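Below is one structure, written out as structure tokens; comments come after it.
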Amino acid sequence: MASIIETKNIQKIYRMGSEEVHALESVSIKVNRGEYVAFMGPSGSGKSTLMNIIGCLDTPTSGQYILNNKDVSDMSENELAEIRNKEIGFVFQTFNLLPRASCLENVALPLIYAGYGKSERDEKAFLALKSVGLDDRVNHKPNELSGGQRQRVAIARALVNDPSIILADEPTGNLDTKTSYDIMDLFHELHQNGNTIIMVTHEDDIAHYAHRIIRLRDGLVEKDENNPNPTVAHRELAQS
């Protein structure tokens, strides 16, 4: 199977005055198209730094990062912004929705930067909201939605540009247990539909929805293993 992500000896050093912080020491991983991967690790392990580099929000100090057959290691900020818009759908713990914009407008936002006209933006945004079960909330604003519904809007926004990968950074961190499982059911469906998903989480039960778990510690990959028994979506359990 073709790899969509490959890092080769990625190192990331942050300089704070005269001090150096080695966030990543030497990380080499491959993620194939259609995989569902979780990054886990304690605070300071490097998992968020690795997520930021994979999401083209940051660049490595040394090493190489290949995304969808493109070497993005040394791209300019403008080039990285274009890659982010075309290749990556982001889902954040804090949702990052515009409070005064409707659900439809929030989801359509990446399409503005991609150069779509308004009617096509609205159509694609509506279909993305429909795919996460929110086609009856298109004109609602974020403060009129529950936490789970806001995260669904954020997921629809991540999907709207048909990205190569979906990056989810602690996607259940601000949700109660039941809502967290509902959102993980949705990620399960997205994976079943062929999406490549990479998720950062510190919660073991959430990580076990993924089919592969990469554990980081002190800027290195401590363990990279397939999950032979990924958690089954709760909807499927309810129906069985």
Test of understanding: what is the full-extension gain from Glu77 to Lys141, defined as 0.36 nm times their sequence separation minus their Cα-Cα distance? 19.9 nm
Can you give the three extents of the C-alpha atoms in the chain along their principal axes, from longest to shortest, in whole Å? 51, 44, 38
Rg and Dmax of region 80-134, using alpha carbons, in Å: what are they? 11.4, 31
Which FRET efficiency, nearest 0.05, do Tyr113 and Asn9 yield, Cβ-Cβ r, R0 30 Å? 0.40
Comparing Glu105, Glu19, Glu203, which has the greatest mean-square fluctuation in the GNM of the chain with Cα pairs linked when under 10 Å apart? Glu19
Per-residue Cβ neighbour rank within 10 angstrom, fewest leading, Ser180, Ser43: Ser43, Ser180
Can you give the local net charge around His140? Use residues other than it whose beta-carbon is closer than 14 angstrom to its beta-carbon, Lys and Arg +1, Asp and Glu -1. +1
Ranked by GNM mean-square fluctuation in the chain (Cα springs under 10 Å), the top entry among Gly89, Gly41, Gly115 is Gly115
Between Ile54, Ile112, Ile29, where does the largest GNM mean-square fluctuation fall for the chain, given springs only between Cα atoms within less than 10 Å? Ile112
Straight-line reach from Lys118: which aspartates and glutamates fall under 14 Å, measuring Cα to Cα and dropping same-chain residues less than 8 apart? Glu105
Mind running the shape call on region 1-124? Use the C-alpha gyration tensor, a ≥ b ≥ c as the square roots of the eigenvalues: rounded below 1.5 for a/c, prolate if a/b tops b/c, oblate otherwise. prolate
Residues Cys103, Cys56, sorted so that the one with the fewest Cβ neighbours within 10 Å comes first: Cys56, Cys103
Considering only DSSP beta bridges with both partners in the chain, what is the antiparallel share in %, to the nearest 5? 55 percent
Packing-based exposure ordering (other Cβ within 10 Å, fewest first) of Asp182, Asp205: Asp205, Asp182
Below 11 angstrom from the Cβ of Leu216, what's the summed charge of the other residues (Lys, Arg +1; Asp, Glu -1)? 0
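How much net charge surrounds Pro99 when only the other residues with a Cβ under 13 Å from the Cβ of Pro99 are counted, with Lys and Arg +1 and Asp and Glu -1?
+1
Readers should treat all values here as calculations from the given coordinates under stated rules, not as data from a laboratory. Given the structure is predicted, the values throughout are model-derived calculations rather than measurements. Virtual Cβ from ideal backbone geometry, glycine too; neighbours counted across all protein chains shown.
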